[in-house]
Amino acid sequence: MRKLNFIKNPLGNTEIEWRELGTIVQTVTAPSKLNRKSYCDKGKLPIIDQGIKFIAGYTNEDLTTVEDGEYIIFGDHSEHIKYVDFAFIQGADGLKILQPISDKAKYIYYALQNFYKKELSYKRHWSLAKETLIPIPYPNNLEKSLATQTEIVRILDAFTELNVELNAELVARRKQYTYYREYLLAFEEGKVEWKELGELCEKIYSGKNKVKSELGLYPVFGSTGIIGRTDAKVYSKEQILVARVGANAGRVNIAKGEYDVSDNTLIVQNKENIILKFLYYYLVNINLNRFTKGAGQPLLTAGQLKTMLIPLPPLAEQQRIVAILDKFEALTTSLTEGLPREIELRQQQYEYYRELLLSFPKPEVVEHD
């Protein structure tokens, strides 16, 4: 993995002129537009729309593309900002395809990301976005201006590329983790003892908490993890929790410390002959959400869990499997270590230097009587 061994502000005492975005770009009209129903996962032509995805889909239809070039894409409803340097098909309406008149597209893209203030409301935003002030270095010397813009882009591209590499590695690690989890937990009939989950547990029952707030001494666990606080401590031992109702029904968590549990969550108290973390990994692996009932409000009951067949290998084998999967989980999902933390830090570093490299002084506005 590459390391960034340079941090140099190339600007010095750069002469700057602040110009409105609408004065330095022209709007390109797409020759063809595509209905979202026509999107495919694979195809010969990429589709760009207002969604958060870089490429929203593909099509094999015989359409005229927005020709090869460098563009800044602005979602008039979504406020998503993208940089595109290839031919594409426009998806949904409300997409602004911007092409610089004389400046570098990638530089304007980074500057717009840095200076555009999102309104975060569902309406048309281009009327405000086009007034965003963009700093143009050496406005009276195009060659020097483009050279400065190129240097800024070079540095910010390096940060972006490193984050792309880290995210690609994280995806690969997660696939590897899933593969080994499925492999290690794939027990054949007759090779290991199988028991109903109800036999392997002291109790399987629902939490009782219905009152939670933002304040309190103890966390309240619900279907997505910690969902609030309370002053009432009900549990003080490690237990498996399974979301009981709603879109997250079947989601598995582990609760530790002193806490309470909401009434939309099932508590699974394992016996000594099955290691808690082994049971946790197995329940995650079989995807309990697929066993829920009801379309409008999916539900998973304690009765359903009790009758599920669970493999029971020897304790030593359970410990071996847990040790391997713990390492993968720490690398891929931990908030304080592993790749997610590294990606978070690199993103913060990128945003810091983007702001630093574009931190030109703005002229003071003189008010007239």
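Some notes on this structure:
- Residue check for Q304: open to solvent by less than 50 Å² (accessible area, probe 1.4 Å), under 30 Å from E169 (Cβ atoms) and at pLDDT 90 or above: no
- Set G198, G222, G207: member being surrounded by fewer than 18 Cβ atoms within 10 Å (Cβ to Cβ) and not aromatic (F, W, Y): G198
- Residue selected from region 90-124 under the condition open to solvent by 60 Å² or more (accessible area, probe 1.4 Å) and acidic (D, E), by the criterion farthest from A30 (Cα to Cα): E119
- Every listed requirement among (1) more than 15 Å from V261 (Cα to Cα); (2) assigned to a strand (DSSP E or B); (3) without any contact (Cβ under 8 Å) to a residue 60 or more places away in the chain is met by K195 save one, (3).
- Residue count for region 276-293, restricted to those that are outside any helix (DSSP H, G or I) and open to solvent by less than 40 Å² (accessible area, probe 1.4 Å): 2
- Matching residues in region 129-145 - criterion: being surrounded by 15 or more Cβ atoms within 10 Å (Cβ to Cβ) and assigned to a helix (DSSP H, G or I): A129, S145
- Every condition in (1) in a loop (DSSP other than H, G, I, E, B); (2) in contact with a strand residue (DSSP E or B) (Cβ under 7 Å, 6 or more places away or on another chain); (3) surrounded by 12 or more Cβ atoms within 10 Å (Cβ to Cβ) is met by K42 except one, and the failing one is (3).
- Per the conditions (1) modelled with pLDDT of 80 or more; (2) open to solvent by 50 Å² or more (accessible area, probe 1.4 Å); (3) in a helix (DSSP H, G or I), the sole criterion not satisfied by T148 is (2).
The values are calculated or read from the model by the stated rules, or taken from the named source; none is laboratory data. Because the structure is predicted, anything quoted here is derived from the model rather than measured. Every residue, glycine among them, receives a Cβ derived from its backbone with ideal geometry; neighbour counts consider all protein chains shown. Just so you know, the surface numbers come from the protein's heavy atoms only, side chains and all, with ligands and any DNA or RNA stripped out. Shrake-Rupley method; radii C 1.70, N 1.55, O 1.52, S 1.80 Å.
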